[in-house]
Amino acid sequence: MRVITLLLLLAGLGGCVTPAPKTTREFRYACAEGKSFVAVYAADGKSAILRFPGVADPMVLPRAISGSGARYGDGTTTLWIKGRTGFIESGKERIYRDCRTD
């Protein structure tokens with residue numbers, strides 16, 4: 001009887017330890033000068049993957065502290081997002097400006 005009770009208890013707990021499916025959010029940004037990029041944001045908010053037209057390897061940027069909006073950066077490249085707008089800096093130069101998601 002104890003074995004059956006234990007099995008029923010474990011079966012009931014199985015649903016509690018199953019992790020929720022991970023999802024990402026993907027946004028396409030159109031920027032000034034005809035530039036564009038795609039940002040894929042991790043479900044946990046800890047990173048953004050940037051894909052650029054004509055560039056084979058995506059860029060992964062970890063989440064960084066931001067006073068307003070969201071900021072992702074690796075110390076060299078920074079993606080700033082607020083609402084549906086944003087920009088990308090490399091060093092102190094804005095390389096993608098006036099970006100908007102569709």
So, with points 7 Å from each Cα along the Cβ direction, the Glu33-Ser66 label distance in nm works out to 2.2
Under the Karplus curve 6.51 cos²θ - 1.76 cosθ + 1.60, θ = phi - 60°, whole-Hz ³J(HN,Hα) for the range 96-102, x wherever Gly or Pro sits:
10, 10, 6, 8, 9, 7, 7
Using θ = phi - 60° and the Karplus curve 6.51 cos²θ - 1.76 cosθ + 1.60, what whole-Hz ³J(HN,Hα) does each residue of the range 56-73 get, with Gly and Pro shown as x?
5, 8, x, 10, 9, 10, x, 5, 10, 5, 9, x, 8, x, 10, 9, 10, x
Using only the Cα atoms of the range 34-89, build the gyration tensor, take square roots of its eigenvalues as a ≥ b ≥ c, and label the shape rounded, prolate or oblate: rounded if a/c is under 1.5, else prolate if a/b is larger than b/c, else oblate.
prolate
From the backbone phi of the range 33-48, what are the Karplus-calculated ³J(HN,Hα) couplings (6.51 cos²θ - 1.76 cosθ + 1.60, θ = phi - 60°) in whole Hz, Gly and Pro given as x?
6, x, 7, 7, 7, 10, 10, 10, 9, 5, 4, 7, x, 8, 7, 10
For the range 69-102, list residues with backbone N below 17 Å from a point placed 7 Å from the Cα of Glu26 toward its Cβ?
101-102
Keeping all protein chains in place, calculate the accessible area per residue for the range 52-102 (probe 1.4 angstrom), answer in Å².
67
Förster radius 25 Å - calculated FRET efficiency between Thr85 and Ala43, Cβ distance, rounded to 0.05
0.65
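The values are calculated or read from the model by the stated rules, or taken from the named source; none is laboratory data. Keep in mind it's a predicted model, so treat the numbers as computed, not measured. Neighbour counts are summed over all protein chains in view; Cβ atoms, including those assigned to glycine, are modelled from backbone coordinates with ideal geometry. Side chains are part of the model used for accessible areas, which takes the heavy atoms of the whole protein and leaves out ligands, DNA and RNA. Shrake-Rupley method; radii C 1.70, N 1.55, O 1.52, S 1.80 Å.
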